[in-house]
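What follows draws every value from the coordinates through simple rules; no lab data is involved. Not measured: the values here are computed from a predicted model. Heads up, the Cβs are rebuilt from the backbone with ideal geometry, glycines too, and the neighbour counts pull from every protein chain shown.
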Amino acid sequence: MTDQSEVEKLAELVSKFRIAMLTTVTADGALTSRPMAVQETEFDGDLWFVAQRDSDQVHQLRADPTIGVALSSSDTWVSISGTAEIVEDRAKVRELWNSAVQAWFPNGPDDPDVVLVKVHADGAEYWDSPGSKVMTVLSYAKSRLTGNRPDVGENEKVDL
């Protein structure tokens, strides 16, 4: 059973990311990924993305809602698995609308081509390295000298 502090740590890590890689399943069963902007909401097990109604990822998610979400920086990595649903809710689109979304969808939040992808996370795993990039490099160098595995910091699996 996942403890609440691990869920809170996961939410803290997710809140730092603006771009995620969404992985969907194609009609022939292949996995395909693309970058998408994470919409700024408090992570509670769900993530929101704005998408074009006629996009490949929307078609793929309608056929198979299985989804993976990867978030990465120089010292933190998060992998989320779950299912997604396509949400057609103008009020929610307006709530999530921002200047970054406007750049991709210049016709505004009432554009009928705009839909939402809501990811319902089933589970996640995160790796959070101690300190800076320099500390990570030093940890790897130390491991080469000592033959011990590098200290990669925190690594937890979280059930949601």
Using alpha-carbon positions, what is the distance between the centroids of the stretch 68-121 and the stretch 5-53, in Å?
8
Per 10 Å bin from zero, what fraction in whole % of the C-alpha pairs of the chain is there, up to the bin with the longest pair?
10, 35, 30, 17, 6, 1
Once the Cβ-Cβ distance between Ala27 and Glu154 is put in as r, and R0 is 35 Å, what FRET efficiency do you end up with, to the nearest 0.05?
0.40
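Fully extended, how many nm does the chain gain between Asp89 and Arg34 (0.36 nm per residue separation, minus their Cα-Cα distance)?
17.5 nm
State to the nearest 20 debye the size of the charge dipole of the chain about its Cα centre, where the only charges are +1 on K and R beta carbons and -1 on D and E beta carbons.
Working: 15 positive and 27 negative charges, 146 e Å.
With only Lys, Arg, Asp and Glu charged at Cβ, the dipole is about 700 debye.
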If one builds a Gaussian network model of the chain from Cα atoms under 10 Å apart, the most fluctuating residue listed among Gln52, Gln102, Gln39 is Gln102
Of the chain, which part is the longest with no GluC sites (Glu not before Pro) in a loop (DSSP not H, G, I, E, B) and with at most 12 other C-beta atoms within 10 angstrom?
89-160
